[in-house]
Amino acid sequence: MSLINRKVLTLDEFTIQQLRNFPKATGELSSLLRDIGLAAKRVNVEVNKAGLVDILGDAGSINVQGEDVKKLDIFANNQFTGVLQHGISCAGIASEELDDFVAFDDDVSKNSKYICLYDPLDGSGNIDVNISIGTIFSVYRRVSEIGTIATAADFLQPGVKQVAAGYIIYGSSTMLVYATRRGVNGFTLDPSIGEFCLSHPNIQCPEFGKIYSVNHGNFFQYAQGVQDYIQTCQRKNKTNGGPYTQRYIGSMVADVHRNLLKGGIFMYPPTTDKPNGKLRLLYECNPFAFIAEVAGGKATNGQQRILDVVPTELHQRSGFFVGSKGMMEELEAHMK
Ligand code: P6P
């Protein structure tokens, strides 16, 4: 069949199609995802020319358009906050870049039923060496009364309450991947038409993989069970196909995206230096845990299912283990 006739399904068409499965749906979630896609396209433009910033004017200077050239993570934060504040679906946001949550106080926002948390540009330290980076987002139905201003309780819900979660990876191609309870779907940006197009429908994480991702530099700071599991990954083993391959990019979105598609396990364990781990529960661990579970994988903090953790602080950190179900169960056997 000629490729020309292939039906390209854009993100907007897909989310509207999904609406048909929920007769009572108001379309607010579709609209929120469209807003996120718009901000992602704008961030993508800046990320792709990041290497040229020195020519166009370094962060903190004035560029040719006479605008302040901002650090990219601040720029990204402003893009996501702006589209959500001016959209019709979000009552407030929390961001890795902002100390506290922001409750939008205009009437349209106060009457919206969702709130959103995000890390607008995770791994931004990798930009100047041209390594893939990403945006991670998490969507909840607010618990406070619609029509009022969003409250802290809206943002401190356990991950199991997420309505949707996803990420954008600004890599060799730019992809938006999001999950609802119905499934995980990936959309690749087609720059020629400026649309995210469905390229990875119904992503399933393979039950086993041969990739393990961890920062070996911290090995002697990890708990004994983690050290034992890592050494199992390095040994020949006819039953689980060991030794595995170690792949660690130092950019969580890139590492977890690869493992989601190919199978594998990503670990950022607590260390003696960081006994609560490094990654943030609300807008790094929870979204990826939700996506992993919908795709058939698992995610824990080393003691319990990540999605069951009841948050107490917006920026609290957590140990994080996520990936293929079979590999996570191997890890858990070592940590008992
Ligand atoms: P380390 C990037 O700073 C980040 O938050 C994640 O994207 C990445 O997986 C992790 O930190 C890397 O941390 O300590 O191994 O350099």
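In the chain, helical runs assigned H by DSSP with n ≥ 4 each contribute -39500 (n - 2.57); averaged across all residues and rounded to the nearest 500, the mean residue ellipticity at 222 nm is -8500 deg cm²/dmol.
In plain terms, the chain from residue 173 to residue 336 could stretch by 54.7 nm, reckoned as 0.36 nm per residue minus the Cα-Cα distance. So, in Å, what gap is there between the alpha-carbon centers of the range 235-311 and the range 114-156? The range 235-311 and the range 114-156 have Cα centres spaced 19 Å from each other. The alpha carbons of the range 11-200 give a radius of gyration and a Dmax of 16.8, 52 Å, in that order.
Working from label points 7 Å from Cα in the Cα-to-Cβ sense, the residue 128 to residue 145 distance is 5.1 nm. Put simply, the amide H of residue 279, placed in the peptide plane, has neighbours under 5 Å in 318, leaving out anything fewer than 5 places away on its chain. For the range 291-302, the Karplus equation 6.51 cos²θ - 1.76 cosθ + 1.60, evaluated at θ = phi - 60°, returns couplings of 4, 4, 5, 5, 7, x, x, 9, 8, 9, 9, x Hz by residue, with Gly and Pro reported as x.
Rounded to the nearest 10 degrees, the angle from helix 325-335 to the longest Cα principal axis of the chain is 60 degrees. Computed over the alpha carbons of the chain, Rg followed by Dmax gives 20.0, 62 Å.
Arranged from fewest to most other beta-carbon atoms within 10 Å of their beta carbon, 35, 273, 119, 128 become 273, 128, 35, 119. The ranking of 320, 101 by Cβ neighbour count inside 10 Å, starting from the fewest, reads 101, 320.
Applied to the range 220-234, the Karplus parametrisation 6.51 cos²θ - 1.76 cosθ + 1.60 on θ = phi - 60° returns per-residue 3J(HN,Hα) values of 6, 9, 7, 4, 3, x, 6, 4, 4, 5, 4, 5, 5, 4, 8 Hz, with x for Gly and Pro. Scanning residues 5 or more positions from residue 164 or on other chains, those with amide H under 5 Å from its amide H are 139, with H placed 1.01 Å from N in the peptide plane. Using Cα atoms only, what is the angle between the long axis of helix 72-86 and the major principal axis of the chain, expressed in degrees (0 to 90) to the nearest 10? For 72-86 against the chain, the angle is about 50 degrees. Note on the chain: with charges restricted to the Cβ of Lys and Arg (+1) and Asp and Glu (-1), its dipole about the Cα centre is near 1500 debye. Remark: relative contact order (the chain) = 15 percent; criterion is Cα-Cα distance under 8 angstrom and separation of 6 or more residues. Taking the number of Cβ atoms within 10 Å of each Cβ as an exposure proxy, the fewest-first ranking of 244, 167 is 244, 167. Neighbours of residue 213 by Cβ distance under 10 Å: Lys/Arg scored +1, Asp/Glu scored -1, total +1.
Read-outs throughout are calculated quantities, based only on the coordinates presented, and are distinct from any laboratory measurement. Note that the coordinates shown come from a computational prediction; the quantities given were computed from them, not determined experimentally. Here Cβ is always computed from backbone atoms with ideal geometry, including for glycine, and neighbour counts include all displayed protein chains.
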